[in-house]
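First up is the structure itself, then whatever we jot down about it.
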Amino acid sequence: MNFLKFEFERPPIKNISEDLILDELEKVAKHFNYEYFSRKNFDELANIHSATVERHYGGSWSAAIKALEERLKCKNITYALNKRSPRNVSEEQILDELEKVAKHFNYECFSRKNYDELACIHSATVERHYDGSWSAAIKALEERLKHKNIILISSRRSGRNTSEKVMFDEMERIWVYLGHRPSKSEWLGADPKVSYDTIYRNFGGWTNACLKFIEYKSGGSVTIDNDIVEKTEKVIDVIKTDNPKKKEECNPKKLLKKTRTISLNIRIKVLSRDNFRCVFCGKSPATDIGTKLHVDHIIPFSKGGTNSIDNLQTLCEQCNLGKSDSVMQ
Ligand SMILES: [Zn+2]
């Protein structure tokens, strides 16, 4: 009986039989679900080098593949030589498989290896479908899941892909656990699922992240409705004028910066002062699900109102829309 020795070196190439070569080719073909594989693929998996195979077939790799096809034909297996159309697997089927595996892992990011252990379509096929990019396949999966309101949780490593929702959820968990806004060291000590650096990078600073979180918890985005109307008017003005200097002055982005944009910091101060409740009807996102809070100018900006805290108030979306541009006196 022979015992296999685990050695780095490959066996000497001198006395390699055709059978052995075909065994290797078949092994690799099987790994790729009997679909196209490259020489590079072969060399990664086989125990003999593709150059040896090629040499055996008079210097022709495609002759080797033909021999493999012949052998597989005898076993009633069709080797899908065509690189572009690996069987007729539709995108729909691929996404079904990806989703199945994602679901198995509770919608946490999984590796190709995880995938291949569970899926009926090989990862190489999936990758090929997405022009050789596994991450493009995962992106397509994320898109599909998004329509179902499911977020694929990225692994800790790939912080760049961590969605805002995941970061906010983690922020909430730790915040609630501590009972206050977490500091850096408290965050690190709370065994976070999302790293401090990831959050810092995503929001351009820790303070900003905390402020954004508060904004998120107060009903999503805190916006100022009548701003949007006025912005549109200004843009129309820009289109009307031909003077390039005036155009520059009226650049809506610049205008917005100069004028009515209320900084996040100020917005949070206003919300906090008003206890995250609409000052008219008392609704709060914490108690009335779906409530969106707006920070509103008491004296409209267009009528000379300023961005000082005294001129700002918290309104729910409904009250704010009802109020529109009338001055409250
Ligand atoms: Zn209200």
Among the candidates Ile268, Ile299, Ile289, residue that is at pLDDT 85 or above, β-branched (Val, Ile, Thr) and not assigned by TED's automatic domain parsing to the domain that holds Gly205:
Ile299
Name the residue, out of Thr52, Thr78, Thr125, that is under 16 Å from His31 (Cβ atoms) and hydroxyl-bearing (Ser, Thr, Tyr).
Thr125
Restricting to region 280-297, count the residues that are crowded, with 17+ Cβ neighbours inside 10 Å, within 12 Å of the ligand (Cβ to nearest atom) and not charged (D, E, K, R).
6
Filtered residues of region 31-64 (kept if loosely packed, with under 15 Cβ neighbours inside 10 Å and either over 18 Å from Ile16 (Cα atoms) or in contact (Cβ under 8 Å) with a residue 60 or more places away in the chain (or both)):
Ser38, Lys40, Glu44, Ser62
Does Thr287 fit the bill of being of a type in the set (Ser, Thr, Tyr) and in contact (Cβ under 8 Å) with a residue 60 or more places away in the chain?
no
For region 266-279, give me each residue that is of a type in the set (D, E, K, R) and within 13 Å of the ligand (Cβ to nearest atom).
Asp274, Arg277
How many residues are within 20 Å of Cys278 (Cβ to Cβ) and in a helix (DSSP H, G or I) if we restrict to region 302-312?
3
Return only the number of the condition from (1) modelled with pLDDT under 80; (2) part of a loop (DSSP other than H, G, I, E, B) that Lys234 does not satisfy.
(2)
Checklist (1) within 16 Å of the ligand (Cβ to nearest atom); (2) at pLDDT below 85; (3) within 36 Å of the chain's Cα centre (by Cα); (4) surrounded by 12 or more Cβ atoms within 10 Å (Cβ to Cβ) applied to Lys323, failing item
(3)
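The values are calculated or read from the model by the stated rules, or taken from the named source; none is laboratory data. All figures in this text were calculated on a predicted structure; none of them were measured in a lab. We place every Cβ from the backbone using ideal geometry, glycine too, and count neighbours over all the protein chains shown.
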